Amino acid sequence: MEEAGFLRIGKVVGVHGIRGSLKVYSYTESPSIFNSGNQILVEDAAGCKQFFKIARGNPHKRLILLSLAGIENRHAAEKLINADIFAQKSTLPGLEKGEYYWSDIIGLNVFLKNKNYLGRVESIFPTGSNDVYVVKHPDSGKETLIPALESVIEKIDLEHQMMRVNLPEGL
């Protein structure tokens with residue numbers, strides 16, 4: 001999906017109330033992506049894709065409560081649990097220098113400063129202060145957690161699909 005000009009921006013993790021509101025775990029820093037009037041693409045667990053216009057999107061605890069045009073009741077909303085939510089990359093706010101979309105980072109090959117191969121970025125999770133990259137070595141299966149800090153990440157080269165890191169002692 002990301003290759004087709006769309007970027008995964010969230011996942012439906014539940015429903016809220018009886019009027020069809022969705023509980024969405026957002027992968028974005030800015031909740032403005034979920035403003036009313038914006039259009040999103042929803043891909044359900046069966047792989048069915050459908051465009052929706054956002055009727056309302058409000059931050060709620062660590063989630064977004066999302067109401068979509070055409071989803072009017074809890075029963076319709078429950079069908080979208082575990083669905084992925086995408087937005088057109090061209091509609092997203094621009095990135096500043098040194099910022100990347102998670103989809104650009106996931107899949108990068110990670111090398112240590114001494115050029116030893118550490119593994120591949122498998123996933124990312126936010127901690128509040130910074131993101132953490134989960135790097136897994138394909139042969140050993142060993143996972144390394146790398147904080148996404150300027151002092152640790154020396155270079156990201158999207159063209160060559162690689163990242164060079166300088167790990168702090170103990171990692």
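Applying both filters, DSSP loop and at most 10 other Cβ atoms within 10 Å, to the GluC sites (Glu not before Pro) of segment 93-133 gives E96, E99. Restricting segment 94-164 to trypsin sites (Lys or Arg not before Pro) that sit in a DSSP loop and have at most 15 other Cβ atoms within 10 Å of their own Cβ leaves K97, K113, K115, K142. When only the Cβ of Lys, Arg, Asp and Glu is charged (+1, +1, -1, -1), the dipole of the chain relative to its Cα centre reaches about 540 debye.
Across the alpha-carbon atoms of the chain, the computed radius of gyration and Dmax are 18.1, 57 angstrom.
Each Cα pair under 8 Å and six or more residues apart adds its separation to the average, and for segment 39-87 the resulting relative contact order is 45 percent. In this rough spin-label picture, where each label sits 7 Å from Cα along the Cβ direction, the S36-V13 distance is 2.5 nm. I need the calculated FRET efficiency for the pair S129 and H75, taking r as the beta carbon distance and R₀ as 45 Å, to the nearest 0.05. Efficiency, rounded to the nearest 0.05: 0.65.
Here K11 is the anchor, and the aspartates and glutamates within straight C-alpha reach of less than 17 Å, apart from those fewer than 8 places off in the same chain, are E2, E29, E43, D44, E78, D84.
In this simple spin-label approximation, S90 and D44 carry label points 7 Å from Cα along the Cα→Cβ vector, and these lie 2.9 nm apart. Kindly identify segment 16-82 as rounded, prolate or oblate by the Cα gyration tensor criterion: order the square roots of the eigenvalues as a ≥ b ≥ c, call it rounded if a/c is under 1.5, otherwise compare a/b with b/c, prolate if a/b is larger, else oblate. Because its axes are fairly even, with a/c under 1.5, segment 16-82 counts as rounded.
The numbers here are math on the coordinates, done by the rules we state, and not lab data. Remember, predicted model here, so these are calculated numbers, not experimental data. As a convention, Cβ positions derive from the backbone with ideal geometry for all residues, glycine included, and neighbour counts pool all protein chains shown.
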